[in-house]
Amino acid sequence: MTTSAATAGNQDRVEGRSLLQDAFRRFRRHPTGILGTAIIVFFVLVTIFAPVLRPIDPLRIDLRNRMLPPTWTMSQQELEQKHLQRWSYPFGTDVQGRDMLVRVLYGGRISLRVGLEAVAMAALVGTLLGLIAGFFGGWLDTFIVWFVDILLAFPGILLAIAIVAALGQSLLNALIAISITYVPVYIRIVRSVTLSLRESEYVQAARALGSRSGRVILAHVLPNGLSPLMVQLTLSIGTAILDVAALGFLGLGARPPTPEWGAMISDGFGRFRIAPWLSIVPGIAIFFSVVGFNLLGDAIRDVLDPRLKR
Amino acid sequence: MKRLAMFVAVGLLALSALASAQTLVYGESGLPVTLDLPQDGNSLTVLYQVAQPLVGFKPGSSELMPLLATSWEANADATQWTFHLREGVSFTDGTPFNAEAVKFNFDRWNNRDNPYAFASQKDMAAWTYIFGAFHGEDGYLLEKVDVLDANTVRFDLTSPVGFFPALVASSYFGIHSPTAIKAAGVDYGTPGVGAVGTGPFKFQEWVEGDHVTLVRNDNYWGDKAKVERIVFRGIESPATRLAELEAGTLDIAVNLSPDDLKAVEGNADLKRATASANLSIGYVGFHQANKPFDDVRVRQAVALAIDQKTIVDSFWSGLGQPAAEFIPPGLIGRAGYEPYAYDPAKAKELLKEAGYPNGFKTEFWYMPVSRPYFPSPKDIAEAVTGYLAQVGIQAELRTEDWGIYLKDYDEGKFPMYMLGWSADYADPNNFIFTFFSPTEIKNGFGWTGSNADEVVKLLGDARQASSETERVTYYHQADKLIYDNVPAMPMVYPTTLNATRANIDGFLPNPLGTTSVQLNEVTKN
C-alpha cells in the first residue's frame, strides 16, 4: 500500500497537485471526517476558553450545594428554596458542591493535553526506533524488535498500571506510562514501512548517488511513510484519552482535587443511584472526544489511501 | 445456551431456597478472614454468633451483662479478678464448658510458647490490642489464669485494671472448644474447619469467596435463635449492599454509606438500624516532626480554618456529630469541650504570628479505605484542603495502600493525615490511651516535651486509679492538655448506618457497632 502511495505521489506531481492537497480535497467531501473535526474543534475551543465561558473556579467548594442535580431538572419550588436560578448549574454539582460544567471543561484540558502529549511522545520515540530498526537492520533491528515483542506481550492498560504503580501516582507519570505502552505500535508501523521503502527504486537511486543515510531517511523514507503514521496518530489520541480516564478512574492519574474525567467518574461511581449526573457528565465528555478523534482518524485513513483516488 | 439457562434456573432455585423465611441473609463488606482470634469486624460478627465471650453487652447498649460468666469480682486493688462461670453449658461438639476450657483459651492467646498458640503460623495480634503484650513481653497485663474449681477461674494481672470485665467482653475473646482446637490444630478457624463454641448458632459451611452459613444451635443455654440459619455474604461496595437489600436478596446490610440515608428512609420496605451513638471517632492528625506542625499556633490555626460542622453535616448526612475530645459521648471522663469554632480570620492571624502570613505548603494523607469514622475519605479530605486553601495552606492530597499507610503513619511520615478508631470495649481507656500511650504519642503525633509527658503520666495514673471519680479527674486534666495543644483535630463521632428489610425485627446494633451483637433475637416475619 505504501509503495503505491509513493508512486501515486509521484503521479500527483505530474498533475501539479501534491498528495496533501489532493487528500484535503477529498477530506472536504468526507462527512464523518468533518463531523469528527467539528467535535474536536469544539472541545479544543471550549476548553481553551473555559475561563471566559464559565468564570468559576473549578476547585471552589460549596458544601451547602453539594450533589445538586442539573438545575434545569429541578422544580421551581426547589430552586427558590435553595436560591438558585434555572441555569445556575446546568450539569449539576459534585460531592463537594463544585460546578460540574466548569469541572468537565477543565477536565477536557487535561484529557486532551495528556492524550496529545502521550501520543506525540510515543510517536516520536517509536518513529525514531522504527526508522533505525528498519533502515539499518542487523543486531539493532533484532534488539528493537525483541523489545517491541516484550512490550506487546502485556495488555496495554495493565502495563500502564504497572508503570504508574512503580513511578507513583501523578498525572505526569500516567502520561509517561501511557506513552510507553504506545511506543511499540509506532515502532512496528514505521519499521515495516521503512523496510519496504528501503528496497524501493528511488531510495536505491538516492543511495547510489551517494546520499548519506540521514538524508535518505529524512528526504525519502520518512515523508513517504507519513500517511500510515498520521492515521495511527489520530486514532491513538482517542484511545489515549480513554486510557488517561481509565488510570484516573483507578486513582492512578491526576491527584484530587484536579478535575480529571476518569477521576470524576470514579467519584460518582458509588453514588450512581442517588446522583447519576456525577458519572454521566464526564462519561459523555469522554465519549464525544473519543468519537471525534476516531471519526477523524478513519477519515484521514480514507483520504490518504490513494486507491480511493479517482 | 441451553446449559446456561439450566445454570440460571438452578441458581435461582438455590437463591429462593436461601431466601426462605427461616434463613437470614446478612451482608457485610467482606467474608471472614479467620474465625480463630480474628482482628476485623467481618470475621468478628460471624464469630460472635458461634463463640461467646465470658461477658456480653445488653441489647443495643454498651453496658456489660453476664454471658458465659454469671458474675465476677475483683480483689481490693483490682489485680485479681474472679469469674463464676455458667453451669451446665456445653460446646456444640459436646465438650463441657468449664474453668479448664476458659483457662485453655486464655493460655493459648497469652503465651506464645503454648503448644496450641501455633506461634509460627498465627500472630494472635488481637490479643495485644487489648492486653498490651504477650506474657513475658514488655508491658504484658495477664500474669496467669487459675482454675479455682470446675466453674470458677481467677485472672492475675500485672497491674491494677478496674475495667477488666470490659476487656474480657471484647468480641475477640469468644471461648472455643478445646477439643475442637486440639483436633484441628493449626487449621482451626479456617474455611474447612470453622469454629466451635457455645453460641446460639453453630458453624455449618464456609464457601470461600461466596458465603458462610451458620445453623441454629438447638442446645443453646439461652434464648434459642428465632431463625434457622444465617448466611453471611461479603459485598465490598456499600452501594451494592444497599441495592441487594432493596432487591430483597439481603435481609440485613451493615455499614452503608451515609449518602444513602435518604434512600433507606424513603423506602417503605427498609428499616434503619442504627445504634443511638457509636463509640467511634475520626480525626485529622498532625505529626510534629514535620514543620511547621511543631508550632501549636499552626495546629490551632488548622483547627480554626476548617468548618468542621459543615463538613460533618455534609458527609455524614446527620449521622455524625462534630467531635472535640478524644473520648466519645457515652463514656466517662469527658470534659465537655466544644469543637474549635470555624474562624478563618483568627486562623490567618495565628499563622501570621507563627511566621506564615502567606500560609505554607504541606501534604495531607487520606485513607485509601472507607471506615464508618470516614465513610468517603477522599471527599472529606478534599473538603478539608479546600478550607485550608482559603487561609493559604496548600495541602497536597496523597494516599497509598492501606497496609503501607498504617506503617508510614506509625513512622511519622505524614505531616497531616486522617485516621480514626472504633471501640473494642466500652471504656475511655480504649480511646484516649490508644492514642496517647507512651509509644503512640510519639509514633502517631510526634508529640514530646513537658505537656506530652504530663498527658502520658495522667493516663497511666487513670488506668490504675482505684475509684471512678479519681479516674475521671485524671482524664479531665489530660483532656485539657490535649484540647489546648491540638496534637490532632477530632473531627467526628459517627453513627454507622445499617438497615434491614422491614420484616426483620430484633436487630439492635450497639455503640460498639455490629461486631458484638448476638443475632438469636432476630426474627423474620
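The values are calculated or read from the model by the stated rules, or taken from the named source; none is laboratory data. Here the structure is a predicted model, which means the values were calculated and not measured. Backbone-built Cβ (ideal geometry, glycine too); neighbour counts: all protein chains shown. To get the accessible areas, we keep the full protein, side chains included, count just its heavy atoms, and leave off ligands, DNA and RNA. Shrake-Rupley method; radii C 1.70, N 1.55, O 1.52, S 1.80 Å.
What the table shows:
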item	result
Simple spin-label estimate for residue A:146 and residue B:63 in nanometres, 7 Å along Cα-Cβ	7.8 nm
Solvent-accessible surface ranking, highest first, for A:277, B:127, B:221 at 1.4 angstrom	B:221, A:277, B:127
Shielding by other protein chains, B:238-244, mean Cβ within 10 Å	2
Alpha-carbon centroids, segment B:231-251 and segment A:104-144: separation in whole Å	46 Å
GNM flexibility winner over chain A from A:111, A:236, A:200 (Cα, springs under 10 Å)	A:200
Whole-Å semi-axes of segment A:30-82's equivalent ellipsoid (Cα gyration tensor)	33, 17, 9
Dimensionless Rg ratio for chain A, taking C-alpha atoms and the 2.2 N^0.38 Å reference	1.21
At R0 = 45 Å, FRET efficiency that the Cβ-Cβ distance of residue A:192 and residue A:49 yields, to 0.05	0.60
Residue B:453-residue A:287 FRET efficiency (beta carbon distance; Förster radius 56 Å; 0.05 resolution)	0.40
Test item: B:259-271 mean partner chain Cβ contacts at 10 Å	1
Distance from segment A:226-269 to segment B:307-381 (C-alpha centre basis), Å	34 Å
Positive-end residue of B:450, B:420, B:465, charge dipole of segment B:399-525 with Cβ unit charges	B:420
Percent antiparallel among DSSP beta bridges (both partners in the protein assembly as shown, rounded to 5)	80 percent
Residue among A:151, A:222, A:63 with the largest mean-square fluctuation in a Gaussian network model of chain A, springs linking Cα atoms under 10 Å	A:63
Radius of gyration, Dmax [the protein assembly as shown; alpha carbons; angstrom]	33.0, 112
Three-way shape label, segment B:121-191, alpha-carbon gyration tensor, a/c 1.5	oblate
Simple spin-label estimate for residue B:148 and residue B:467 in nanometres, 7 Å along Cα-Cβ	2.6 nm
Cβ-placed point charges (K, R +1; D, E -1), dipole of segment B:186-339 about Cα centre in debye, nearest 20	420 debye
Value at 222 nm in deg cm²/dmol, rounded to 500, when DSSP H runs of n ≥ 4 in chain A each add -39,500 (n - 2.57)	-23000 deg cm²/dmol
Ratio Rg/Rh, restricted to segment A:96-176 and using Cα atoms, in which Rh is the Kirkwood radius	1.14
Helical segments meeting 30 Å axial Cα length and Kyte-Doolittle 0.5 threshold in chain A (DSSP H)	A:100-136, A:171-198, A:226-249, A:277-304
Diffusion coefficient, µm² s⁻¹, Stokes-Einstein with Kirkwood Rh over alpha-carbon pairs of segment B:328-404 at 25 °C and 0.890 mPa s	166 µm²/s
Prolate/oblate/rounded label for chain B (Cα gyration tensor, a/c 1.5)	oblate
Eligible lysines near residue B:346 by straight Cα distance, threshold 28 Å, same-chain separation 8 or greater	B:291, B:309, B:361, B:378, B:480
Segment B:46-168 - percent relative contact order, Cα under 8 Å, separation 6 or more	25 percent
Shape of segment B:36-134, Cα gyration tensor, a/c cut at 1.5	rounded
Chain B - mean residue ellipticity at 222 nm from DSSP helices (-39,500 (n - 2.57) per run, n ≥ 4, rounded to 500)	-9000 deg cm²/dmol
Check: segment A:219-310 dipole with +1 on Lys, Arg Cβ and -1 on Asp, Glu Cβ, in debye	160 debye
Highest-first arrangement of B:395-406, A:291-302, where packing means the average Cβ count within 10 Å	A:291-302, B:395-406
Cβ-defined net charge surrounding residue B:263, 15 Å radius [Lys, Arg +1; Asp, Glu -1]	+1
Candidates A:196, A:279, A:227, ranked by Gaussian network fluctuation over chain A, Cα under 10 Å, top entry	A:196
Over segment B:91-164: Rg over Rh, Cα atoms, Kirkwood Rh	0.99
Extreme residue, positive dipole direction of chain A, given options A:258, A:100, A:154 (C-beta unit charges)	A:100
Sequence-distant lysines (8 or more away, or on other chains) whose Cα lies within less than 16 Å of residue B:182	B:103, B:122
Chain B, relative contact order in percent, only Cα pairs under 8 angstrom and at least six apart counted	21 percent
Interface burial for B against A (accessible surface, 1.4 Å probe, total of both chains, Å², rounded to 100)	1700 Å²
Full-extension gain in nm, residue B:521 to residue B:274, via 0.36 nm per residue minus C-alpha separation	87.3 nm
Residues in segment B:396-428 occluded by at least 40 Å² - accessible area, probe radius 1.4 Å, against chain by itself	B:397
Mean Cα-pair separation over length for chain A, i.e. relative contact order, pairs under 8 Å, 6 or more apart, %	25 percent
Ranked order, A:220, B:476, B:211 - accessible area, probe 1.4 Å, largest first	B:476, A:220, B:211
